[in-house]
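J.: This is the structure I want to talk about, given as structure tokens.
The values are calculated or read from the model by the stated rules, or taken from the named source; none is laboratory data. Here the structure is a predicted model, which means the values were calculated and not measured. Every residue, glycine as well, gets a Cβ built from its backbone with ideal geometry; the counts of neighbours run over all protein chains shown. For the accessible areas, the whole protein counts, side chains as well, though only heavy atoms, and no ligand, DNA or RNA atoms are used. Shrake-Rupley method; radii C 1.70, N 1.55, O 1.52, S 1.80 Å.
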Amino acid sequence: MSVLEDALAGHRVVVSLPAGGIADWIAVAEVLVQEGLRAWAWPADQLEVLGELTSLYGRRAHIGVAGVLSDEQLAAAAAAGARFWLSPLAVDADRAVPLPYLAGALTPNEVAAAARTREAAVLVTPADALGTSYARTLPVLVPEVEIVPWGRLERYQCEMWLEAGASAVVVQDVVVRPELSDGVNVIDEVGRRAASFGQLVATNTP
Amino acid sequence: MSVLEDALAGHRVVVSLPAGGIADWIAVAEVLVQEGLRAWAWPADQLEVLGELTSLYGRRAHIGVAGVLSDEQLAAAAAAGARFWLSPLAVDADRAVPLPYLAGALTPNEVAAAARTREAAVLVTPADALGTSYARTLPVLVPEVEIVPWGRLERYQCEMWLEAGASAVVVQDVVVRPELSDGVNVIDEVGRRAASFGQLVATNTP
Amino acid sequence: MSVLEDALAGHRVVVSLPAGGIADWIAVAEVLVQEGLRAWAWPADQLEVLGELTSLYGRRAHIGVAGVLSDEQLAAAAAAGARFWLSPLAVDADRAVPLPYLAGALTPNEVAAAARTREAAVLVTPADALGTSYARTLPVLVPEVEIVPWGRLERYQCEMWLEAGASAVVVQDVVVRPELSDGVNVIDEVGRRAASFGQLVATNTP
């Protein structure tokens, strides 16, 4: 089994929940499940809720953690039922990580170097930083690397990445947004946004 | 003779042909020659046509290959008459390469590191990823490095790079486009686009 | 005292003067002081004026140098009264630098690596290359790193970076612009632009 399968268990669309957390997270989780978005990456700064989340939704969703985490935090995440870790930064080769994980890179040379160092899919973070056409350019430049873009990707951008050969996409702050003000994640709105990405899951599930 | 001269033979505008190839490549090649675009980089996935291309156009055009190529592919490209290789990624210093080549980097530190590692011009790939103003910013940051941007560069962007001190430009998928649908490379259209870049060649030829 | 304090002395908004210099630099310096912009980075290609600048304004402004400088140039800058150096590129760890300095990186992994190599704030250069949202994304990815973005940053972008946790911002070619044509830095215009950034200083001074 590849690292990618080990980490994402075949899911091709992962919803990364916003840093800072979401007030009404149970309602949001319910909507995501209903709309077929069943792979979630929980933010590093909300680990104290993770155990409750996995006990409520661990059977209906594939739940991991995302962000910069210390060894202690990773151990706590694993104990709380996390199934994978998305690291936005490279991870030292000799670091003992208690979860299957993917690590991030950005430029073509960073992505190629990451794939040379470790036989695993590479996260492209932040995937929206190098422009929309990077979705088509990068896979050509690193043809043998499994790529998983992670960023503020609208649905059409996810489609571009997947059509260009990306193994999966991690959607940050688009379906569920940072709650910097009230009403950001009104459930009907989250449902509408989730439905659009749910179609993407349906289209891209083998 | 510098690596740059060795590879590009004084050409300052190189047309990189699209991955996936072009159906009517002889007509396209003819138009490029007529419009003064006489340096071409052939895509890595179309090497089987390269021998025919160089035997037909090798005297009228300076023809190389572009993309990620294995040692076997490079040997085949050299045998088929390629004169240079454009690698979008860094190339291991101890790799034996049978053609004069330029290798790619993106960020200022990557470009500076590439120039430190190897006394040669550095490709900036993908040159359109860091915004239009990068054409003016990068040359100031790496003042002693010969820079060759490579990407989806419109003519005004090529002008910006050349005016800011770039040694040459490699134009990808703008003059000749990926044939994802019919009619992408209608010859009249290619001619019109080539003419615009041909003026750039005329202006920038010593 | 941290490297950051040592270099910037508590200033959170630094004006980086354009390469190529400014014809009427005394009038410009006067306006910057009046509007409360009292930290300046002088361009590497105008070192011959630096001594005069520091003798006229060294008490009213905190003056350093910015750009790629050789050891000889750094020694000359220090002798001419420069108080800090902003290097857009990484600096070799074993290089003897006669001024407190900050060095540049761009991608999340470059920034993280720079902070691991040297306990100091990291310049993000060019800070405008990875899109506006990078101001919010990067600080989350390198949570323990002091970040100082440097680039063509409009005031709202400076605010975004500072709100997201940046330690300071270096504004290039926005308040005072490259004099590629006449009338670029008409004093009234510079004053108007400086006033806007001066408010930013007032808001962000402890």
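J.: Answer with yes or no whether B:Glu48 is over 14 Å from the mean Cα position of the chain (by Cα) and under 23 Å from B:Glu30 (Cβ atoms).
T.: Considered against the rule, which asks whether it is over 14 Å from the mean Cα position of the chain (by Cα) and under 23 Å from B:Glu30 (Cβ atoms), B:Glu48 comes out as yes.
J.: Starting from residues that are in a helix (DSSP H, G or I) and open to solvent by 80 Å² or more (accessible area, probe 1.4 Å), keep the ones in the range A:53-70 and report whichever is nearest to A:Val176 (Cα to Cα).
T.: Filtering first and then ranking leaves A:Leu56.
J.: Assess whether B:Leu50 counts as being buried (at least 19 other Cβ atoms within 10 Å of the Cβ), more than 14 Å from chain A (Cβ to nearest Cβ) and over 23 Å from B:Val148 (Cα atoms).
T.: Considered against the rule, which asks whether it is buried (at least 19 other Cβ atoms within 10 Å of the Cβ), more than 14 Å from chain A (Cβ to nearest Cβ) and over 23 Å from B:Val148 (Cα atoms), B:Leu50 comes out as yes.
J.: Restricting attention to the range C:86-111, which residues are more than 11 Å from B:Thr107 (Cβ to Cβ) and open to solvent by 20 Å² or more (accessible area, probe 1.4 Å)?
T.: Passing the criteria: C:Val91, C:Asp92, C:Ala93, C:Asp94, C:Arg95, C:Ala96, C:Val97, C:Pro98, C:Pro100, C:Tyr101.
J.: Considering each residue of the range B:152-165, count those that are closer than 17 Å to B:Trp40 by Cα and crowded, with 23+ Cβ neighbours inside 10 Å, and give that number.
T.: 2
J.: Can C:Glu35 be described as open to solvent by 10 Å² or more (accessible area, probe 1.4 Å), more than 14 Å from chain B (Cβ to nearest Cβ), over 18 Å from the mean Cα position of the chain (by Cα) and more than 24 Å from C:Ala93 (Cβ to Cβ)?
T.: Details: open to solvent by 10 Å² or more (accessible area, probe 1.4 Å): yes; more than 14 Å from chain B (Cβ to nearest Cβ): yes; over 18 Å from the mean Cα position of the chain (by Cα): no; more than 24 Å from C:Ala93 (Cβ to Cβ): yes.
Against the criterion (open to solvent by 10 Å² or more (accessible area, probe 1.4 Å), more than 14 Å from chain B (Cβ to nearest Cβ), over 18 Å from the mean Cα position of the chain (by Cα) and more than 24 Å from C:Ala93 (Cβ to Cβ)), C:Glu35 does not qualify.
J.: For the range C:122-151, give me the residue count where each residue is more than 12 Å from chain A (Cβ to nearest Cβ), open to solvent by 30 Å² or more (accessible area, probe 1.4 Å) and either in contact with a Phe, Trp or Tyr (Cβ under 7 Å, 6 or more places away or on another chain) or modelled with pLDDT under 95 (or both).
T.: 0
J.: Could you tell me how many of the residues in the range A:2-20 are in a loop (DSSP other than H, G, I, E, B) and either closer than 17 Å to A:Trp85 by Cα or among the charged types (D, E, K, R) (or both)?
T.: 8
J.: Looking at (1) away from every other protein chain (no Cβ under 14 Å); (2) modelled with pLDDT under 95, which is the only condition B:Ala76 fails?
T.: For B:Ala76, the failing item is (2).
J.: For the range B:78-186, which helices (runs of 4 or more DSSP H) that fit wholly inside it have 2 or more residues that are in contact (Cβ under 8 Å) with a residue 60 or more places away in the chain?
T.: B:155-163
J.: Can you confirm whether the range B:135-148 contains a residue that is of a type in the set (Gly, Ala, Ser) and farther than 28 Å from B:Val97 by Cα?
T.: Yes, the range B:135-148 contains a residue that is of a type in the set (Gly, Ala, Ser) and farther than 28 Å from B:Val97 by Cα.
J.: State whether the residues of the range B:111-127 include one that is closer than 18 Å to C:Gly151 by Cβ and out of contact with any strand residue (DSSP E or B) (no Cβ under 9 Å at 6 or more places or on another chain).
T.: No, the range B:111-127 contains no residue that is closer than 18 Å to C:Gly151 by Cβ and out of contact with any strand residue (DSSP E or B) (no Cβ under 9 Å at 6 or more places or on another chain).
J.: Could you identify the single residue in C:Arg116, C:Arg192, C:Arg83 that is within 27 Å of A:Thr107 (Cα to Cα) and not polar (S, T, N, Q)? Don't jump to the end; show me each part of the working.
T.: Numbers: C:Arg192 fails: within 27 Å of A:Thr107 (Cα to Cα); C:Arg83 fails: within 27 Å of A:Thr107 (Cα to Cα).
It is C:Arg116.
J.: Taking the conditions exactly as written (modelled with pLDDT under 95, farther than 23 Å from C:Val124 by Cβ and touching a helix residue (DSSP H, G or I) at 6+ places or on another chain (Cβ under 9 Å)), does B:Arg118 satisfy them or not?
T.: yes
J.: So is C:Leu200 over 22 Å from C:Leu89 (Cα atoms), open to solvent by less than 10 Å² (accessible area, probe 1.4 Å) and at pLDDT below 95 or not?
T.: For C:Leu200, the condition - over 22 Å from C:Leu89 (Cα atoms), open to solvent by less than 10 Å² (accessible area, probe 1.4 Å) and at pLDDT below 95 - is met.
J.: What is the number of the single condition among (1) touching a helix residue (DSSP H, G or I) at 6+ places or on another chain (Cβ under 8 Å); (2) open to solvent by 20 Å² or more (accessible area, probe 1.4 Å); (3) of a type outside the set (Phe, Trp, Tyr); (4) at pLDDT below 95 that C:Gly21 does not meet?
T.: Going through (1) touching a helix residue (DSSP H, G or I) at 6+ places or on another chain (Cβ under 8 Å); (2) open to solvent by 20 Å² or more (accessible area, probe 1.4 Å); (3) of a type outside the set (Phe, Trp, Tyr); (4) at pLDDT below 95 one by one, C:Gly21 breaks only (2).
J.: Restricting attention to the range A:166-190, and to residues there that are more than 20 Å from A:Glu35 (Cα to Cα) and at pLDDT 95 or above, which single residue is surrounded by the most Cβ atoms within 10 Å (Cβ to Cβ)?
T.: Only one residue fits best here, namely A:Ala166.
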